[in-house]
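Derivation of every value follows stated rules applied to the coordinates shown; laboratory data play no part. Because the structure is predicted, anything quoted here is derived from the model rather than measured. So basically every Cβ, Gly included, is an ideal-geometry build from the backbone, and we count neighbours across all protein chains shown.
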Amino acid sequence: MGRMRSLLIPGVDNKLLVKDAQKVMPDLARRRFVAGGASLGALTLLTGCNVSDSFSAEDMLIRISKFNDAVQALMFNPDALAPTFPESAITRPFPFNAYYGLDEAPRVDGKTWKLEVRGLVDNKKSWTLDELYQLPQVRQITRHVCVEGWSAIGSWTGTPLRDFLKLIGADTRARYVWFQCADKDGYNSPLDMRSALHPQTQMTFKFADEILPTAYGFPMKIRVPTKLGFKNPKYVVSMEVTNDYKGGYWEDQGYNSFSGS
Ligand SMILES: Nc1nc2c(c(=O)[nH]1)N[C@H]1C(S)=C(S)[C@@H](COP(=O)(O)O)O[C@H]1N2
Ligand SMILES: [Mo]
């Protein structure tokens with residue numbers, strides 16, 4: 001989030017657009033949308049298109065009023081898959097975003113960094129980057145949606161979080177996986193277990209086939225394409241499997257913790 005980006009359809013107020021969208025949504029969808037925080041970002045996640053790319057607010061609203069099965073599935077089924085895109089759709093350059101400028105982003109030393117594992121897991125061993133790099137990886141091209149109303153398509157490669165949780169013997173009946181990051185004033189975010197186990201949720205080590213640069217969260221970020229950007233923590237230093245809701249950087253400032261589809 002941080003600096004505001006100028007957005008959207010010229011002359012259209014974001015808040016009004018979200019309100020109008022609510023009016024035209026099918027009933028159940030509206031209830032779910034409101035319960036999930038009713039943000040412009042959520043609209044982008046749901047429609048699968050960047051709201052800011054729409055030619056007019058009208059187009060957007062027509063699309064929303066016809067919310068199709070795929071959208072309904074995303075809204076009502078947390079296991080639904082986020083859309084994937086071809087190579088040609090990748091946004092270049094991909095934006096950097098944080099609550100500070102890039103020069104203040106944490107510079108993590110990959111040689112000494114270890115991922116700490118805590119809470120309700122059988123094996124609490126810490127993991128070096130080399131050890132993590134040995135795990136099987138997959139690549140995804142998905143859309144990252146910031147709650148501020150911008151979005152971008154990127155390519156992320158890493159290990160499905162659910163495979164790692166299985167490997168460490170996590171109690172997947174627990175409610176959350178809670179991530180802490182290396183940012184100077186701290187950044188953290190809780191992820192509900194259902195989303196942690198989602199097949200596209202990833203421990204990401206590469207962006208565009210290159211080792212994750214500092215901008216995008218070296219050495220590891222958690223990529224959750226079914227959730228808004230702020231629920232995709234970068235510079236992760238620890239994960240804790242827990243039943244306690246421990247809050248998060250943006251969640252504590254009033255952003256809806258569910259913040260996804
Ligand atoms: N550690 C950390 N993770 C973070 C943030 C942050 O400030 N610190 N910002 C979040 C927000 S609001 C967004 S939109 C994305 C931006 O990711 P990007 O820089 O790869 O585009 O990171 C998310 N994860
Ligand atoms: Mo964001």
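Label positions at LEU135 and GLU104, each projected 7 Å from the Cα along the C-beta direction, are separated by 3.1 nm. FRET efficiency for the pair LEU28 and LYS166, taken as 1/(1 + (r/R0)^6) with r the Cβ-Cβ distance and R0 = 41 Å, rounds to 0.75. Computed from the alpha carbon atoms alone, the convex hull of the range 44-179 holds 166 Å³ per residue. Peptide packing: for 27-34, 184-191, the average count of neighbouring Cβ atoms within 10 Å per residue gives the ranking 184-191, 27-34, highest mean first. Here each label is just a point 7 Å from Cα along the line to Cβ, and for GLN253 and ASP59 those points are 3.1 nm apart. With the simple spin-label model, which puts each label point 7 Å out from Cα in the Cβ direction, the PHE96 to ILE211 separation comes to 1.7 nm.
Taking each residue as 0.36 nm, the span from LYS114 to SER88 lengthens on full extension beyond its C-alpha to C-alpha distance by 5.9 nm.
Working value for the range 56-133: equivalent-ellipsoid semi-axes of 38, 23, 14 Å, each the square root of 5 times a Cα gyration tensor eigenvalue, largest first.
When ranked by the protection proxy of mean other Cβ atoms within 10 Å per residue, highest first, what sequence do the peptides 222-229, 118-125 form? Don't skip to the end; give the middle numbers.
Numbers: 222-229: 24.6, 118-125: 13.5.
Descending mean neighbour count gives 222-229, 118-125.
Per-residue ellipticity at 222 nm for the chain, helices alone: DSSP H runs ≥ 4 residues times -39500 (n - 2.57), over residue total, nearest 500 deg cm²/dmol? Calculated from helices alone, the mean residue ellipticity at 222 nm is -6000 deg cm²/dmol.
If you wrap the range 87-253 in the convex hull of its Cα atoms and look at it from every side, the mean projected area works out to 9.1 nm².
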